[in-house]
Amino acid sequence: MARSYSPQFLQQLETNTSDGLGVELAKLCTKANLPAAYIAAALHTSRVTVYGWFRGQGVRESKRKLVEAIIKLIQSDFDSGRLPAENVADAKVYIEEMAGIKIG
């Protein structure tokens, strides 16, 4: 089950000045109300890995283009008003449609 972001994580993210790809993804996902677990499913990686990226760890070269593509798509959908997701159920539907996957 996807969980919302903790107040501590949101505070850390707000003060994170890194311009890394993972931090960019984190800021966009929190703004779009997309849980890390669903992003991990879309990227075919673990939630732990996604949270590492969110906190500034580097994104492996093998995932970099996929992360960049998802950032562009989420930003586009945010700009067009499709996001932010109203709730976790809507976030799940969005990711399933966007990534063409079924989340448990």
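The values are calculated or read from the model by the stated rules, or taken from the named source; none is laboratory data. Please read all numbers here as calculations on a predicted model, not as lab measurements. Don't worry about glycine lacking a Cβ; one is built from the backbone with ideal geometry, like all the others, and counts go over all protein chains shown.
For V88, are the conditions met, namely being of a type in the set (A, V, I, L, M), at pLDDT below 95 and surrounded by 15 or more Cβ atoms within 10 Å (Cβ to Cβ)? Considered against the rule, which asks whether it is of a type in the set (A, V, I, L, M), at pLDDT below 95 and surrounded by 15 or more Cβ atoms within 10 Å (Cβ to Cβ), V88 comes out as yes. Taking the condition of being over 16 Å from N16 (Cβ atoms) and surrounded by 17 or more Cβ atoms within 10 Å (Cβ to Cβ), how many residues in the stretch 48-62 meet it? Residues flagged as over 16 Å from N16 (Cβ atoms) and surrounded by 17 or more Cβ atoms within 10 Å (Cβ to Cβ) within the stretch 48-62 amount to 1. Does any residue of the stretch 69-83 turn out to be among the hydroxyl-bearing types (S, T, Y), surrounded by fewer than 18 Cβ atoms within 10 Å (Cβ to Cβ), part of a helix (DSSP H, G or I) and modelled with pLDDT under 95? The answer is no, given that none of the residues of the stretch 69-83 is among the hydroxyl-bearing types (S, T, Y), surrounded by fewer than 18 Cβ atoms within 10 Å (Cβ to Cβ), part of a helix (DSSP H, G or I) and modelled with pLDDT under 95. Residue pairs whose Cβ atoms lie under 6 Å apart, sitting 6 or more positions apart in sequence or on different chains, and linking a residue in the stretch 12-36 that is over 15 Å from L66 (Cβ atoms) to a partner that is at pLDDT below 95 and not in a helix (DSSP H, G or I), are S18/G56; G20/G56; V23/N16; V23/G56; T30/Y5; P35/A2.
Looking only at residues in the stretch 37-47 that are part of a helix (DSSP H, G or I) and without any contact (Cβ under 8 Å) to a residue 12 or more places away in the chain, which one is surrounded by the most Cβ atoms within 10 Å (Cβ to Cβ)? Only one residue fits best here, namely A40.
Residues that are farther than 22 Å from G58 by Cβ, of a type in the set (S, T, N, Q) and in a helix (DSSP H, G or I) within the stretch 1-25 comprise Q8, Q11, listed in sequence order. The residues in the stretch 1-47 that are closer than 21 Å to R82 by Cβ and among the β-branched types (V, I, T) can be counted, and the count is 2. Being small (G, A, S) and assigned to a helix (DSSP H, G or I) is the filter; apply it to the stretch 84-99 and report the residue that is nearest to the chain's Cα centre (by Cα). Among them, the one singled out is A91.
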